[in-house]
Amino acid sequence: MTTATRATRRYSAIEPAGTMGAMVLRRRGAPLVWEERPLPAPGPGEVRVRVEACAVCRTDLHVVDGDLPDGPLPIVPGHEIVGRVEALGPGTAGPAPGSRVGIPWLGHTCGHCRYCAEGRENLCDAPQFTGFTRDGGFATHVVADAAYAFALDGFDDPVAAAPLMCAGLIGWRSLKMAGDGRRIGLYGFGAAAHLLAQLLRWQGREVFAFTRAGDSAAQALALRLGAAWAGASDESPPAPLDAAILFAPVGELVPAALRAVRKGGRVVCGGIHMSDIPSFPYSILWEERQLVSVANLTRADAAEFLALAPKAGIGAQTAAYPLGCANEALDDLRHGRFQGAAVLVP
């Protein structure tokens with residue numbers, strides 16, 4: 001089972017009967033504000049979930065800061081949600097009330113576009129995204145598409161499980177794109193990388209961790225989790241990499257990663273947003289190196305990863321914050337003030 005190592009800031013709030021609370025983004029670039037709302041009724045095919053924990057993802061920063069500008073406002077961010085099913089909408093067969101579920105970034109797909117028909121629902125032409133185009137988990141309750149509420153039987157700690165819903169899932173999809181190589185470089189050793197490093201070590205692969213220059217705490221965490229090497233992102237690894245996965249949203253790291261991988265190696269960009277990639281010489285892409293991106297996830301990814309996580313003994317290192325301190329958690333993430341993942345707890 002997953003476990004959490006967490007530092008908790010203690011606050012309290014009272015939730016009035018018949019209502020819910022949420023931290024709401026009303027204007028991009030502005031702090032979230034607390035709102036009390038009537039409890040929402042789930043529609044056909046939906047469930048209402050009482051949130052137990054919601055991890056804070058760098059994508060939430062992109063939503064709040066306006067790097068992803070096209071979503072509706074106001075919106076409740078948060079897409080790494082763990083909670084208990086409280087109510088089913090009309091005609092919804094399950095999951096059963098009282099069961100624990102996880103709700104990820106991809107919140108709904110159309111089911112009939114060419115990508116859905118090809119089994120590539122992560123590229124759906126008419127998707128909905130939790131915490132971006134539909135209200136998310138920085139709240140006491142959330143309404144979700146029942147088809148995208150994943151059973152979490154056996155995951156006993158909701159705080160530890162919450163980061164798996166995006167950091168874990170995107171890490172897993174990125175690793176599938178990276179291939180079966182033995183030496184894997186992870187650029188940006190945060191929530192996703194510290195989970196993926198544990199899976200890689202369980203698989204018997206070598207991990208090379210790249211962090212911000214001078215981030216000795218992140219490098220120490222990587223080494224504790226079994227990394228073969230940890231250094232700054234502008235350093236060269238001690239051996240050529242078979243693949244590199246970029247979680248840091250820094251375009252300048254793409255040429256560095258291409259230089260670090262061997263002939264035929266692959267560089268995977270795992271984020272939804274990245275600063276511009278600078279021009280680079282063709283010579284570092286030549287010899288059949290590949291540069292690819294990862295978009296969203298599929299339900300098959302979730303089924304695969306959630307089956308592997310307990311076997312691999314993956315444990316999230318977390319810093320827990322009360323829901324009302326969402327702005328503090330976002331700012332701490334922005335400035336790298338903790339290791340692992342921040343998690344909001346209503």
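The values are calculated or read from the model by the stated rules, or taken from the named source; none is laboratory data. This structure is a prediction, so every number in the text was calculated from the model and none was measured. Ideal geometry is used to build each Cβ from the backbone, glycine not excepted, and the neighbour counts take in all protein chains shown.
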Do we have Gly271 as under 25 Å from Ala312 (Cβ atoms), at pLDDT below 95 and part of a loop (DSSP other than H, G, I, E, B) here?
-> yes
What's the number of the condition Val63 fails, among (1) over 23 Å from Gly190 (Cβ atoms); (2) out of contact with any strand residue (DSSP E or B) (no Cβ under 6 Å at 6 or more places or on another chain); (3) surrounded by 20 or more Cβ atoms within 10 Å (Cβ to Cβ)?
-> (1)
Could you please give the count of residues in the stretch 119-145 that are of a type in the set (Gly, Ala, Ser), within 19 Å of the chain's Cα centre (by Cα) and not in a strand (DSSP E or B)?
-> 3
Restricting the stretch 110-133 to residues that are charged (D, E, K, R) and either surrounded by 20 or more Cβ atoms within 10 Å (Cβ to Cβ) or touching a residue at least 60 places away in the same chain (Cβ under 8 Å) (or both), the one nearest to Arg28 (Cα to Cα) turns out to be Glu121
Positions within the stretch 250-268 being surrounded by 22 or more Cβ atoms within 10 Å (Cβ to Cβ) and of a type in the set (Gly, Ala, Ser), in sequence order = Ala257, Ala260, Gly265
Right, Cys116: in the same structural domain as Val51 (by TED's automatic domain parsing) and part of a helix (DSSP H, G or I) or not?
-> yes
Look at the stretch 257-302 and say how many of its residues are of a type outside the set (Val, Ile, Thr) and free of Cβ contacts under 8 Å to residues at least 60 places away in the same chain.
-> 23
Please find, within the stretch 304-323, the residue that is farthest from the chain's Cα centre (by Cα) out of those that are assigned to a helix (DSSP H, G or I) and surrounded by fewer than 21 Cβ atoms within 10 Å (Cβ to Cβ).
-> Lys311
Whichever residue in the stretch 185-207 is in contact with a Phe, Trp or Tyr (Cβ under 7 Å, 6 or more places away or on another chain) and assigned to a strand (DSSP E or B) and, among such residues, is surrounded by the fewest Cβ atoms within 10 Å (Cβ to Cβ) | Tyr187
Answer yes or no: is there a residue in the stretch 157-178 that is of a type outside the set (Phe, Trp, Tyr), farther than 30 Å from Pro237 by Cα, without any contact (Cβ under 8 Å) to a residue 24 or more places away in the chain and not assigned by TED's automatic domain parsing to the domain that holds Ala239.
-> no
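Matching residues to (1) of a type in the set (Gly, Ala, Ser); (2) within 13 Å of Arg58 (Cα to Cα); (3) not assigned by TED's automatic domain parsing to the domain that holds Gly78:
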| position | (1), (2), (3) |
| --- | --- |
| Phe305 | no, no, yes |
| Leu308 | no, no, yes |
| Ala319 | yes, no, no |
| Gly324 | yes, no, no |
| Ala329 | yes, yes, no |
| Arg334 | no, yes, no |
| Arg337 | no, no, no |
| Ala341 | yes, yes, no |
Filter result for the condition that a residue is modelled with pLDDT under 95 and either within 30 Å of Met20 (Cα to Cα) or surrounded by 24 or more Cβ atoms within 10 Å (Cβ to Cβ) (or both), over Gly154, Gly107, Gly89, Gly102 = Gly154
Do any residues in the stretch 180-200 that are touching a residue at least 60 places away in the same chain (Cβ under 8 Å) have Cβ atoms under 6 Å from those of residues that are outside any strand (DSSP E or B) and of a type in the set (D, E, K, R), where the two are at least six apart or on different chains, and which pairs are they?
-> Arg182/Arg205; Ile184/Arg205
Test: residue in the stretch 235-249 that is among the hydrophobic types (A, V, I, L, M, F, W, C), surrounded by fewer than 22 Cβ atoms within 10 Å (Cβ to Cβ) and without any contact (Cβ under 8 Å) to a residue 60 or more places away in the chain | yes
Any idea which residue in the stretch 67-116 is farthest from the chain's Cα centre (by Cα), counting only those that are among the charged types (D, E, K, R) and over 17 Å from Tyr148 (Cα atoms)?
-> Arg114
Name every residue in the stretch 268-284 that is touching a helix residue (DSSP H, G or I) at 6+ places or on another chain (Cβ under 6 Å) and farther than 17 Å from Leu186 by Cβ, in order of residue number.
-> Ile272, His273, Ile277, Phe280, Ile284
Would you mind stating whether Leu308 is of a type in the set (A, V, I, L, M) and in contact with a strand residue (DSSP E or B) (Cβ under 8 Å, 6 or more places away or on another chain)?
-> no
Restricting attention to the stretch 269-280, and to residues there that are of a type in the set (Gly, Ala, Ser) and surrounded by 15 or more Cβ atoms within 10 Å (Cβ to Cβ), which single residue is nearest to Leu333 (Cα to Cα)?
-> Gly271
